[in-house]
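Trainee: One structure, as structure tokens, below. Some questions next.
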Amino acid sequence: MALTIGVDIGGTKVAAGVVDEDGRIVEHRLRRTPAESPERVADTIGEVVRELAVGRQIEAVGLGAAGFVDETRSIVRFAPNLAWREEPLQKKVSDLVGLPVVVENDANAMAWGEARFGAGRGESHVVCVTVGTGIGGGIVLDGSLYRGRWGMGAELGHMQAVPGGRLCGCGNLGCWEQYASGNALVTEARLIAQAEPARAARLLEIAGGAPGDIEGPEVTEAAREGDPAALAAFASMADWLGQGLSDLASILDPGCFILGGGVSRAADLWIDRARESFAARLTGRGHRPLAEIRLAELGASAGVVGAADLARRR
Ligand SMILES: [Zn+2]
């Protein structure tokens with residue numbers, strides 16, 4: 001069976017695996033990302049690939065990189081959390097390992113892994129939304145990964161949800177991820193705790209007393225104990241999530257949405273509300289099939305599996 005290697009390069013971790021044609025990881029490695037040095041990142045990738053390739057016939061290597069990847073799938077133009085600027089990652093790594101290499105955006109690689117082998121199996125039109133600190137995305141249309149003209153497509157978190165709204169890390173105001181992500185959940189919880197401390201009594205107790213000390217895990221814990229402010233923060237996030245998904249359905253009409261990322265680990269607290277919000281806002285509702293909103297199935301390995309499979313189809 002033909003094997004490829006997928007490598008998922010994030011701001012803190014490099015995860016790599018040998019993957020077979022059925023999307024199964026045969027062997028796996030995890031390293032810290034030397035984020036400050038592009039040379040050392042390339043060296044780390046080279047090392048894990050060479051280790052994994054020992055005694056195996058490897059066809060190609062797919063890299064899922066946390067950054068903006070150009071349309072030739074070889075250069076990382078910019079990465080918010082790594083020192084990559086116009087980084088020729090494809091050439092560097094293929095010189096180090098002597099194998100064909102393709103570079104993909106990490107969220108695209110994850111989306112492809114989920115669409116092919118995870119929650120989207122059998123669906124030809126899939127939109128993946130990674131709800132973590134921010135919101136990442138990946139789009140599969142007609143069975144192909146959609147990258148856009150310049151490779152910059154599917155940055156779903158930066159649709160403008162609120163004109164003149166909260167400042168986003170990208171420099172714009174009111175981006176969707178400022179209302180529907182893990183950061184948004186914390187922002188909302190802090191705002192409520194500030195304005196109505198009595199309503200957030202348990203949440204503030206768990207967080208140690210100050211609204212500014214509230215973080216995601218505290219909101220989740222307080223919500224599980226029924227704290228009204230924490231539940232309201234989850235409800236707000238879920239409503240905004242549903243709103244954005246209905247916008248995406250207006251444009252892309254997918255068969256299903258797949259939600260992943262850190263916030264999806266507490267999905268029992270918000271997924272039903274997000275589904276209701278989506279269904280209530282969808283244009284043409286009642287006269288069209290409702291796209292399913294599913295949870296991701298592959299967890300942290302989606303990026304490795306997706307990058308490896310995209311390398312196979314290079
Ligand atoms: Zn933004």
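Trainee: Of all the residues that make up segment 168-185, how many are modelled with pLDDT of 95 or more, within 10 Å of the ligand (Cβ to nearest atom) and either assigned to a loop (DSSP other than H, G, I, E, B) or open to solvent by 50 Å² or more (accessible area, probe 1.4 Å) (or both)?
Mentor: Summing the residues that are modelled with pLDDT of 95 or more, within 10 Å of the ligand (Cβ to nearest atom) and either assigned to a loop (DSSP other than H, G, I, E, B) or open to solvent by 50 Å² or more (accessible area, probe 1.4 Å) (or both) in segment 168-185 gives 4.
Trainee: Looking only at residues in segment 134-150 that are touching a His at 6+ places or on another chain (Cβ under 8 Å) and open to solvent by 20 Å² or more (accessible area, probe 1.4 Å), which one is nearest to the ligand (Cβ to nearest atom)?
Mentor: Here the residue is Leu141.
Trainee: Please go through segment 134-147 and pick out each residue that is free of Cβ contacts under 8 Å to residues at least 60 places away in the same chain and assigned to a loop (DSSP other than H, G, I, E, B).
Mentor: Gly134, Asp142, Gly143 - these are the residues of segment 134-147 that are free of Cβ contacts under 8 Å to residues at least 60 places away in the same chain and assigned to a loop (DSSP other than H, G, I, E, B).
Trainee: So Gly98 ticks every box in (1) small (Gly, Ala, Ser); (2) open to solvent by 20 Å² or more (accessible area, probe 1.4 Å); (3) in contact (Cβ under 8 Å) with a residue 40 or more places away in the chain but one. Which box is left unticked?
Mentor: Evaluating Gly98 over (1) small (Gly, Ala, Ser); (2) open to solvent by 20 Å² or more (accessible area, probe 1.4 Å); (3) in contact (Cβ under 8 Å) with a residue 40 or more places away in the chain leaves (3) as the failure.
Trainee: Test Ala198 against the stated conditions and say whether it is open to solvent by 70 Å² or more (accessible area, probe 1.4 Å), of a type in the set (A, V, I, L, M) and farther than 30 Å from Glu155 by Cα.
Mentor: Judged against the criteria, Ala198 is a match.
Trainee: Which pairs do you get when a residue that is touching a residue at least 40 places away in the same chain (Cβ under 8 Å) and more than 17 Å from Asn183 (Cα to Cα), found in segment 251-271, comes within reach of a residue that is assigned to a helix (DSSP H, G or I) and open to solvent by 20 Å² or more (accessible area, probe 1.4 Å), reach meaning Cβ atoms under 6 angstrom, with the pair 6+ apart or on two chains?
Mentor: none
Trainee: Among residues belonging to segment 11-58 that are crowded, with 18+ Cβ neighbours inside 10 Å and within 20 Å of the chain's Cα centre (by Cα), point out the one that is farthest from Arg121 (Cα to Cα).
Mentor: So the residue we want is Ala35.
Trainee: Another question about this same structure. Is there a residue in segment 151-167 that is more than 16 Å from the ligand (Cβ to nearest atom) and over 28 Å from Glu104 (Cα atoms)?
Mentor: Step one: of segment 151-167, the residues more than 16 Å from the ligand (Cβ to nearest atom) are 151.
Among the residues that remain, those that are also over 28 Å from Glu104 (Cα atoms) are: none.
No, every residue in segment 151-167 fails to be more than 16 Å from the ligand (Cβ to nearest atom) and over 28 Å from Glu104 (Cα atoms).
Trainee: Now a separate question. Given the conditions (1) touching a strand residue (DSSP E or B) at 6+ places or on another chain (Cβ under 7 Å); (2) within 16 Å of the ligand (Cβ to nearest atom), report the number of the one that Cys128 does not fulfil.
Mentor: Every listed condition holds for Cys128 apart from (2).
Trainee: Another question, then. In segment 75-119, how many are under 16 Å from Ala300 (Cα atoms), part of a loop (DSSP other than H, G, I, E, B) and of a type in the set (A, V, I, L, M)?
Mentor: Here the count works out to 1.
Trainee: Something else: Where residues in segment 117-133 are surrounded by fewer than 24 Cβ atoms within 10 Å (Cβ to Cβ) and touching a residue at least 12 places away in the same chain (Cβ under 8 Å), which of them is nearest to Ala249 (Cα to Cα)? Spell out the reasoning first.
Mentor: At the first step, the residues of segment 117-133 found to be surrounded by fewer than 24 Cβ atoms within 10 Å (Cβ to Cβ) are 117, 119, 121-125, 132-133.
Filter again for touching a residue at least 12 places away in the same chain (Cβ under 8 Å), leaving 117, 119, 123-125, 132-133.
Values: Phe117: 22, Ala119: 18, Glu123: 15, Ser124: 14, His125: 11, Gly132: 21, Thr133: 23 Å.
Residue satisfying both the conditions and the ranking: His125.
Trainee: Right, here's the next one. Only one of these is on the phi > 0 side of the Ramachandran plot and in contact (Cβ under 8 Å) with a residue 24 or more places away in the chain: Gly209, Gly164, Gly151. Name it.
Mentor: Step by step, each of Gly209, Gly164, Gly151 is checked, and only Gly151 is on the phi > 0 side of the Ramachandran plot and in contact (Cβ under 8 Å) with a residue 24 or more places away in the chain.
Trainee: Write out, first by first residue and then by second, each pair whose Cβ atoms fall under 8 Å of each other, whose residues are 6+ apart or on separate chains, and whose first residue, in segment 168-182, is under 17 Å from Thr130 (Cα atoms) and of a type in the set (S, T, N, Q) while the second is assigned to a helix (DSSP H, G or I) and near the ligand (Cβ under 7 Å from one of its atoms).
Mentor: Ser181/Gly157
The values are calculated or read from the model by the stated rules, or taken from the named source; none is laboratory data. Just so it is clear, the structure is predicted and the values come from calculations on it, not from any experiment. Because the Cβ atoms are built from the backbone with ideal geometry, glycine has one as well, and the counts that use them run over all protein chains shown. Protein only, heavy atoms only, side chains kept; ligands, DNA and RNA dropped before computing areas. Shrake-Rupley method; radii C 1.70, N 1.55, O 1.52, S 1.80 Å.
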